[in-house]
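Inspection log for the structure reproduced underneath, given as structure tokens.
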Amino acid sequence: MNSTETAGEYLDRARTELRERDPVLRALIDEKPDLDYDAWRKTLPVEGLFEALLFQIVGQQISVSAANAIYARLRALFSDGRPNPETLAPMSVESLKGIGLSTRKAEYVLDVARRANAGELDNIGNLPHDEARAALVSFRGIGAWTADGALLIAFGLPDVLVSGDLVLRKAVQRAYGLPEMPTEKEVEAIGESWRPHRSVAAGYLFETMVPH
């Protein structure tokens, strides 16, 4: 989105450009021309970058239902249901394993909490996407998928493609009629034509996986 556009004007432009470039997205957009592509973010029990990182770490390599259950137990450790780095950082690996995290994920969560407590997340939201991702992947257990997902959840950036996301890969397989679920690299290749509106495109694809 450029500085002179409203959110609505940007979305109209993004839809127009995506329709012109990709016949699959044209069909999805025409079916739901007023879709709030960002609505899925509002359904998540997450506020801000710190919580988004925790949510993404919990969800690494497990099913959505399992991730939601474990994250709910993590939230229950806090009196207001909102994880904060000050309270989380002193916790032990064993206590986090007790809510269903693996040893590695417990270590990753504590590392994020300690570094957040030291102020290392404070200015990431002001960085360009590539710089923000680079800063996050320096944390233990955070790769590109985790970083991009957290940035997308926290800030709603317009051109982030979480190509390693299992739900998105399934959505691409279904929408494009692929015989097998595409790899992360294959999703990235398909998504090249969506730049700089990859978040909008992904939102339409995610919508195809929502039960109605």
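Where a number appears in this text, it was derived from the coordinates with a stated rule and is not lab data. Computed from a prediction, not measured in an experiment: that's the story for all the values here. Reconstructed Cβ throughout: ideal geometry from the backbone, glycine too, with neighbour counts over all protein chains shown.
So if I check each of 18, 11, 28, which one is touching a His at 6+ places or on another chain (Cβ under 8 Å), under 18 Å from residue 200 (Cβ atoms) and touching a residue at least 40 places away in the same chain (Cβ under 8 Å)? Before the answer, list the steps.
Working: 11 fails: touching a His at 6+ places or on another chain (Cβ under 8 Å); 28 fails: touching a His at 6+ places or on another chain (Cβ under 8 Å).
Result of the check over 18, 11, 28: 18.
Which residues, taken from region 14-70, are in contact with a Ser or Thr (Cβ under 8 Å, 6 or more places away or on another chain) and under 17 Å from residue 108 (Cβ atoms)?
Within region 14-70, 53, 56, 57, 60 qualify.
Report, by residue number, each residue of region 29-74 that is in contact with a Lys or Arg (Cβ under 8 Å, 6 or more places away or on another chain) and assigned to a helix (DSSP H, G or I).
Within region 29-74, 29, 30, 51, 57, 58 qualify.
Might you let me know whether region 96-110 holds any residue that is closer than 30 Å to residue 196 by Cα and among the aliphatic types (A, V, I, L, M)? Full working, then the answer.
Within region 96-110, the subset closer than 30 Å to residue 196 by Cα is none.
No, the conditions are met nowhere in region 96-110.
Out of 149, 141, report the one residue that is surrounded by 15 or more Cβ atoms within 10 Å (Cβ to Cβ) and farther than 14 Å from residue 49 by Cα.
Just a single option satisfies the conditions, and that option is 141.
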